[in-house]
1. Does segment 34-67 hold any residues that are at pLDDT 90 or above, over 13 Å from Ile20 (Cβ atoms) and surrounded by 16 or more Cβ atoms within 10 Å (Cβ to Cβ), and which are they?
2. Test Ile13 against the stated conditions and say whether it is more than 16 Å from Ile80 (Cα to Cα) and within 11 Å of the chain's Cα centre (by Cα).
3. Right, Pro22: in a loop (DSSP other than H, G, I, E, B) and either free of Cβ contacts under 8 Å to residues at least 24 places away in the same chain or exposed (fewer than 13 other Cβ atoms within 10 Å of the Cβ) (or both) or not?
4. Here is a check on your reading of the model: is Gly29 more than 13 Å from the chain's Cα centre (by Cα) and not hydroxyl-bearing (Ser, Thr, Tyr)?
5. Tell me, yes or no, whether segment 2-9 has at least one residue that is out of contact with any helix residue (DSSP H, G or I) (no Cβ under 7 Å at 6 or more places or on another chain), assigned to a loop (DSSP other than H, G, I, E, B) and among the polar types (S, T, N, Q).
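The values are calculated or read from the model by the stated rules, or taken from the named source; none is laboratory data. Remember, predicted model here, so these are calculated numbers, not experimental data. Note that we place each Cβ from the backbone using ideal geometry, even for glycine, and neighbour counts take in every protein chain shown.
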Amino acid sequence: MKKNVKRDVEKEIIDVLDRIRPYLEGDGGGLEYIKFEDGIVYVRLLGACQGCSLIDVTLKEGIEAMLMDEIPEVMGVTQI
């Protein structure tokens, strides 16, 4: 019989963000995890990401897509 193991969703989110972070840092940007609440991951984009014209693409097609693909509990990502 399998044990019911509670997943640590927040840890999984941070692990995914840690894999994304080097790509942002390579372009002079950065990423700060704020919180996970009601299915939404809140992040702050830093450095060169703040003034970049591709910030929406990075957020939705990069960060959000990866998180939603890997963690079923994530329904979206919002920048603070």
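1. Phe36
2. Numbers: more than 16 Å from Ile80 (Cα to Cα): yes; within 11 Å of the chain's Cα centre (by Cα): yes.
When the stated conditions are applied, Ile13 passes them.
3. Numbers: in a loop (DSSP other than H, G, I, E, B): no; either free of Cβ contacts under 8 Å to residues at least 24 places away in the same chain or exposed (fewer than 13 other Cβ atoms within 10 Å of the Cβ) (or both): yes.
So Pro22 does not fit the description; no.
4. On the way: more than 13 Å from the chain's Cα centre (by Cα): yes; not hydroxyl-bearing (Ser, Thr, Tyr): yes.
Considered against the rule, which asks whether it is more than 13 Å from the chain's Cα centre (by Cα) and not hydroxyl-bearing (Ser, Thr, Tyr), Gly29 comes out as yes.
5. We begin by selecting, within segment 2-9, every residue out of contact with any helix residue (DSSP H, G or I) (no Cβ under 7 Å at 6 or more places or on another chain); these are 2-9.
Then drop every residue that is not assigned to a loop (DSSP other than H, G, I, E, B), which leaves 2-8.
Within this subset, residues satisfying the condition of being among the polar types (S, T, N, Q) are 4.
The answer is yes, given that some residue of segment 2-9 is out of contact with any helix residue (DSSP H, G or I) (no Cβ under 7 Å at 6 or more places or on another chain), assigned to a loop (DSSP other than H, G, I, E, B) and among the polar types (S, T, N, Q).
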